[in-house]
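Encoded as C-alpha cells, the structure appears first; notes follow it.
The values are calculated or read from the model by the stated rules, or taken from the named source; none is laboratory data. Predicted model only: the values in this text are computed from it and were never measured. Glycine also receives a Cβ, built like all others from the backbone with ideal geometry; neighbour counts cover every protein chain displayed.
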Amino acid sequence: MKKLILICVILLSFFSCESSFDPNADFRQDYAVYFILNGDQTYQTAQLIKSSPDKNGVSQIETGIPGAEFRLIYDNSEYILKDSVSAENPGKNYYTINNFKPAPGKNIRLNVKTPDGKILTSETDTPLSIKIQFLEGTDEYVPNGLSRIAFVWKVLDAPPEGQFYLPRLVIKYYYTDSGVKSYHSKEVPVSLTYQSGKIFENYPTPIAGNYLIYDWEAFDYAFERLTLADTARNNYTVINAEFELILMDKSMTSYYMSSKSFEEGFSIILDQTEFTNITGGFGVFGSYFSAKNYKLRIISDYIIARGYKRE
Amino acid sequence: MIKKILFVLLIAASVQNAQITGTLRGQVTDSLSGEALSYANVFIKEFEVGAATDVRGFFQITNLPVSQIFTVKVTYVGYETKEFGAFIRAGKIASLSIKLNPLAYNLQTIEKVENRVPETRNYNISFESLSPSRLERVPQNVEADIFRSLKTLGGVSSTSDVSARFNVRGGSSNQNLVLLDGATIYQPFHAMGLFSAVDPEIINSVEFYKGGFPAEYGGRLSSVVNITTKDGNLNKFSGKAAAGLLTGKALVEGPIPYGSFIISGRKNLDNRILRSFLNSDEIPVNFHDISFKANYRNPDLLMGRQFSAHGFFSSDKINYNDVYREDISWKNSALGISWYQLLEESPLFYRFAINSVNYEGEVNPNLSGKRYKRNFLRELSLDTEFSYIFPYQDEVGAGIQIKEIENSLQIENRKGLVTSSTQHGASIVFFVKYALNRIKDFGLEAGTRFNVTRLAVGTAGEYYFEPRVLTFYNIGNFARIKGSWGLHFQEMTTLSDENEVISVFEPWVVVPEYLYPAYAIHYIAGIDLFLTPGLSIGAEAYYKPMLYWPSVNEKKYFEQDPDLINGQGNSRGFELSVNYLERTFSLSANYSLSWTIKSIDNLRYYPRYDSRHNLNLMTSVKLPFDIKFDALWTFNSGLPYTQLVGYYNKLIIDDLRERIFSFIPYTILSERNATRLPAYHRLDISFSRRFDLSYLNLTMDMSIINLYDRANIFYFERDSGKKINMLPFLPTLSMKVEI
C-alpha cells in the first residue's frame, strides 16, 4: 500500500495542467437609456446606448443610437421625442423634445422602441415639491464666530419624507480686468482632511435629511483660494455666498448613489450591483429641479482683511 | 433554589444507588508534561465497556460491578498503552489519575492501531476531534493552521486555497462558532483571512461539530469549533522557538505552585511569501498573537477542583504608509476564568466560566476614496453547566448561559450611505439534556435550549426553543448507526459581501429587531463501520434548510432602506470517509457530494462556495531515517461563477447643475453564479525530521504546496479579463527548536 501511494504521488507530480475557461458568455445585445429631465427648463434630451461584446467597442458607441422611438406619457398626453443629431457634436445622436417642463409630484412614463424592435419602458415620479423654506438655525452671515456654518430647511407643501437633495455652497465673485467683469463661483468643501502634510477637500453628496453643516475652516480655506496664484487680490470683488439645493426624484437619487460605487482595497468585487429603472435594459429615467438658493452674506471686514474688494 | 433542590436530589439518588454498583472515574494526562489528553480511550476489558475522555482528560464509567478486580486499558495516539487492575468498593467512586508515557519520537507510530477500542457510549455525529498530532499530519501552507486542517474533512469547503475561511455543509462562513477555551473569537484570522489567529502550538484539542451539535452549543447555524488550549507543563520548565518563512514564535511553559502556566507569542517576520497568496507586489501586513493560560489545583484547598485563567490577544494591521491608500486594522482579545469541579462522592461534574471578549475592526480610508468603517463588539458571558451520571448510566446535563453584548458599527455601503448604529443586548439561555444510556447498544439524547431573551431586543418577550435529539444503535462491535435532528438559531451575523473574493472587513452585528433570527434545521443520519482494527468507514447524509438567512441588502440606496434582508436556502449532501491506519502508515479519504441553494429577493442561486464534489486524500508515512512524509491531494469540482456577457457605457453624473456627464465602460453580467469554474485540484507534500541534540530538539519541515503546479483559477479581473490563479508551486521550509 505504501508503495502504491508513493507511486501515485510521483505520477501526480508529473501531471501539471491548466483548464481553459472563458469568463465571458455568449454576447447579448442590450440597450441603455439615459433620460434625465430638467424641471427648470422646457428642452429635454435623451440618449440610447447599445452594448458591445468587448470593452474597447464600448468607447466607439457612446455617440448614441439613431432610429429609435421615444414616447413620453405625461398628464394623459403622449409626447414623441425627435431623433436628432447634435449641432455641437455632429457625431452624437440625441432624442429631444421642446416645450416639455414637468411639474413637481407628477408621474411620467417612458416607452422606447429600439431600431431592432426591442421595447424598453420606465416611469418616474418627479420630486414632490420645490417649495422650500430655510429655517431658524440657518446662518445669515459669515464669519459668525462659530466653527461651523449651518443650513436648515423644510418642505412647505409636501411630506418631508421621500425628498432627496443635492446641496452645494458657492462663493460668488467677479474679476475685473480693464473694466470688464467676469463672473465666477467657487464651490466650498463641506470639510477638510489633513493628512501627511496635505489638505484634502470633502464635498457633499446627496442627502435625505433637512440640514447640512459646513466647517468654517473649509469655507475660510476656499475663500482664501479665490485668486489661486494671482496676487492682485483687489481685482477680485466678492458678492456673497450662495447655498443651492437641487431636488432629485427617487430614481435619479438611486442612480446617482449607485454610480458612486467604490471598492475596498483588498476586497475584490467580483460581481457588481447597479441601479436601473429601465425595464428591459439599463440606464435611468429621472428628473430634478433646482429648488432653492439661499444667500449667505459675507461680512465686509472679513473680505477686506483678505485683500479682496466687497461689492 | 431550583438548582439547589436538584443538586440535593441527585446526591441522594447517587448515594442510594451506589450501593449496588460502583463508578470509575479519573483523568488521563501526559506523564511528562501533565497535559490533559482529550479523547483518550479508557476500556474495561472484562465488561467490554469504555469511555472517551473529555477535553479536560476526564472520564467516568458508571454501573460497574463492585468488589472485584478488573483490567483498565488506556490508549491514546502516540502514547504507550497502559493496562492495570482496578477495584471498586460498594457505594464508592474510584478516582484514578492515569499518566501515559509518550512514545519516543523514533518509535512513535501514526496510531497504535491495535489499541483502538470501540466506545460503547458515543453520541458523536458529524463530529471530529483533532489532536495536535492529527493537525501535524496535514501538509501546511507556510504555517500550520487549524482551519486549513478542517478543510481536509468532508463537508468543509471554501472559495479558495488562499483563505483559511471555511464553509460547513452549505453554510456561510459566519455560521461557524469558534470558541477558544469557551470564549467566542469573532475574527479568528490573520492577514486578511489567510491564516488562523490561533497558534497551533498552544492547542491541546479541537472539537469540531459539522452539524447536530448538542444542546450546550448555540448561536450559530452550521458548525462549532471548540478549541481547548494546553494547560502548560506541570513537571518542568520548557520552551520552544520556531521560525518559518512568515512568522517567528516562542512558547514557554512550566510549573507553578499547585499548577502550571503556558505563554505563547507569534509575530510575522517576513511578508514576501504572502505575495504568492495574493498576487500582489506589496502586502504590508503586520500581525501578532499572544496566548496564555494558568491553572491551579491545590488538592488540599481545592479537592477535585481546577481553576484556570486564560487570555488571547491578536492584532492585525495593513498599513501602506500611503495617504492614497486605506489602512485596515482589527484585533481580538479574550480574557476568562473557569472553575471545574468533580464532587468527591458523587458522579457530578460542574463547570463555571466567565469570559470577556472584545473585537474591533477599522478601515481608515485616508485619501483613497474609500469609506470609513469601524466595528466594535464587546461580549461578557457567564456559563455554568453540570452533568450527572446516574448509576444506571443515564446522564443529565443542564446549564445557564448569560451573554451581554455591546455592538457598534459605523459603515458606508457600496452605494455611499452611512449606517451608524449601537446595540446593547443580553441573551439568557437555559439548556437541558438527558441521555438514555441504560439500554445496551442503544442511546438516545434529547435536549433543548430555551432562549429567554433575544439579543436584538435585550429583554424578555420573545422566547424560542431549540430542541435537539441524537441517537445511535451499535450493531455488534463492527457497526453503529446514528441519527440527529435539531433546531439551531443564530442572532449574530456579519455584513459581508458574498461577492468579494477576499473580504478584509467583516463587521459583526446583532441581527436587527426587524428580522427574525436565522435558524436552521439539521437532519442527519449516518453509519460507522469498523471493519478491521485499522480500517473504518463512516458515511453520513444530511439535509439542512436555513430560514431567515440574513444577507446584505445590495439594493440599499437610501438611508431608510434596511441594511439586511432575509434570505433562505438549503443544503443537502452525502459524506463518506475511509480511514486506514497501521503502525507506520495512514491513509484517509474524505468525499462529499453536496448541493446548496440560496434565495434572496426572488433570486435563486448557488452560493460561491457551492462545490458539488469534494475529495481529500491524505496519507502519512514513516520513512527510513525517521523521516515523516505527509501528502494531501484535494479535488473540488468547479465553484459557481457569474460570466460576463458584454459591456455598455454607464453614464456618470459629473455635475448635474451644469449637466456635465461622462461615460465609463461597465460590465453586463449573466445570471448570478450560473456557470462553473474548472475543477480545483492540488497536491501538497511535506517531509519532516526531528533531531535530538543534547537538550535541544530540532524539527525541520520542508513542504511543497501545489507540487504539480496546477493553475487553479482564483478569479478574473473584470477590467482586464486577466486570470488570477490560486497558490502556485511553492516550496517552504521551517524549523522548530524545543528546549
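So that you can scan it fast, the table gives a plain yes or no per residue for (1) within 30 Å of residue A:64 (Cα to Cα); (2) among the polar types (S, T, N, Q):
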| position | (1), (2) |
| --- | --- |
| B:658 | yes, no |
| B:666 | yes, no |
| B:687 | no, no |
| B:699 | no, yes |
| B:704 | no, no |
| B:714 | no, no |
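Scanning segment A:213-260 for residues that are more than 14 Å from chain B (Cβ to nearest Cβ) and not hydroxyl-bearing (Ser, Thr, Tyr) yields a count of 23. Right, residue B:683: assigned to a strand (DSSP E or B), more than 8 Å from every other protein chain (Cβ to nearest Cβ) and either over 30 Å from residue A:203 (Cβ atoms) or touching a Lys or Arg at 6+ places or on another chain (Cβ under 8 Å) (or both) or not? For residue B:683, the condition - assigned to a strand (DSSP E or B), more than 8 Å from every other protein chain (Cβ to nearest Cβ) and either over 30 Å from residue A:203 (Cβ atoms) or touching a Lys or Arg at 6+ places or on another chain (Cβ under 8 Å) (or both) - is not met. Within segment B:412-425, restricting attention to residues that are in contact with a Leu (Cβ under 7 Å, 6 or more places away or on another chain) and surrounded by 17 or more Cβ atoms within 10 Å (Cβ to Cβ), the residue that is modelled with the highest pLDDT is B:425. The sole residue among A:115, A:143 that is at pLDDT 85 or above and in the same structural domain as residue A:214 (by TED's automatic domain parsing) is A:143. Screening A:34, A:43 for residues that are at pLDDT 90 or above and either more than 7 Å from chain B (Cβ to nearest Cβ) or farther than 21 Å from residue A:252 by Cα (or both) leaves exactly one candidate, A:43. Evaluating residue B:477 against the criteria (1) at pLDDT 90 or above; (2) farther than 30 Å from residue B:326 by Cβ leaves one unmet condition, (1).
Residues of segment B:651-665 being within 46 Å of the chain's Cα centre (by Cα) and more than 7 Å from chain A (Cβ to nearest Cβ), which ones? Matches in segment B:651-665: B:664 only.
For segment B:580-596, a residue qualifies if it is more than 21 Å from the chain's Cα centre (by Cα) and not hydroxyl-bearing (Ser, Thr, Tyr), and the qualifying residues are B:581, B:582, B:583, B:585, B:587, B:593, B:595.
The residue that is modelled with the lowest pLDDT, among those in segment A:154-169 that are at negative phi and facing chain B (nearest Cβ under 10 Å), is A:161. Taking the criterion of being surrounded by fewer than 16 Cβ atoms within 10 Å (Cβ to Cβ) and either among the basic types (Lys, Arg) or on the phi < 0 side of the Ramachandran plot (or both), the residues of segment A:195-207 that qualify are A:195, A:198, A:199, A:200, A:201, A:202, A:203, A:205.
Within segment B:176-292, considering only strands (runs of 3 or more DSSP E) that don't extend past its boundaries, which have at least 2 residues that are over 23 Å from residue B:329 (Cα atoms)? Write out each step before concluding.
Numbers: elements: B:176-180, B:203-209, B:223-229, B:238-243, B:247-256, B:259-268.
Once the strands (runs of 3 or more DSSP E) in segment B:176-292 are filtered for at least 2 residues that are over 23 Å from residue B:329 (Cα atoms), what remains is B:203-209, B:223-229, B:238-243, B:247-256, B:259-268.
Please work out which residue is modelled with the lowest pLDDT, limiting yourself to segment A:261-282 and to residues that are facing another protein chain (nearest Cβ under 7 Å) and within 17 Å of residue B:649 (Cβ to Cβ).
We begin by selecting, within segment A:261-282, every residue facing another protein chain (nearest Cβ under 7 Å); these are A:261-262, A:264-273, A:275, A:282.
If we keep only those that are within 17 Å of residue B:649 (Cβ to Cβ) too, we end up with A:261, A:272, A:275, A:282.
Values: A:261: 49, A:272: 55, A:275: 85, A:282: 93.
So the residue we want is A:261.
Residues in segment B:338-382 that are of a type in the set (Asp, Glu), away from every other protein chain (no Cβ under 14 Å) and surrounded by fewer than 20 Cβ atoms within 10 Å (Cβ to Cβ): B:344, B:345, B:360.
For first residues located in segment B:706-730 and within 7 Å of chain A (Cβ to nearest Cβ) and under 12 Å from residue A:21 (Cβ atoms), partners that are buried (at least 20 other Cβ atoms within 10 Å of the Cβ) and modelled with pLDDT of 85 or more and lie 6+ apart or on another chain with Cβ distances below 7 Å form the pairs B:713/B:677. Quick one: residue B:535 ticks every box in (1) hydrophobic (A, V, I, L, M, F, W, C); (2) within 14 Å of chain A (Cβ to nearest Cβ); (3) in contact with an Asp or Glu (Cβ under 7 Å, 6 or more places away or on another chain) except a single one, so which number is it? Just one mismatch for residue B:535, condition (3).
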